[in-house]
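Taken together, the values in this text are just the output of simple stated rules run on the coordinates, not laboratory data. Since the model is a prediction, treat every value here as computed from it, not as a measurement.
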Amino acid sequence: MSPSDIRPAHIARCHDLVGQSTPYQANLELALITHVLRYAVRWGYTRPEDPEVPRARYIAGQRRVDLLSLKHSQLSAEGIGIQQSKTGKRLLIEWSPDLKEAINRALNTQNKVGIDSVYVISDNRG
């Protein structure tokens, strides 16, 4: 498999498998894979991906855990209602064109692969 063939689903599957028995080791391996893939992009072996989580996280300015636990019920016409996991603070993140696009990408990905989940961002298990 070449670096350009690696997809986020491959990395997630590896992380989940290792994490079943040794979560700490799984996180170390994930950090290493992320580091190696950044160099693969830098050296031209692969092109950068535009995954929904980092993009939405950057646009919304929220922690990864808060976006990964985002449910469809938290989306409204005004924006995204979030209760921050660390502080407990409730916020409404108003829609921007970029945020709306990132969330729509996540929802469209679910629709394409037939995932029925309560979460906005999910894997093949929901």
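Tabulated results
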read-out	value
Global geometry of segment 3-42, whether rounded, prolate or oblate, following the gyration tensor of its Cα atoms and the 1.5 cut on a/c	oblate
Added length on full extension, which subtracts the Cα-Cα distance from 0.36 nm per residue, R7 to S73	20.9 nm
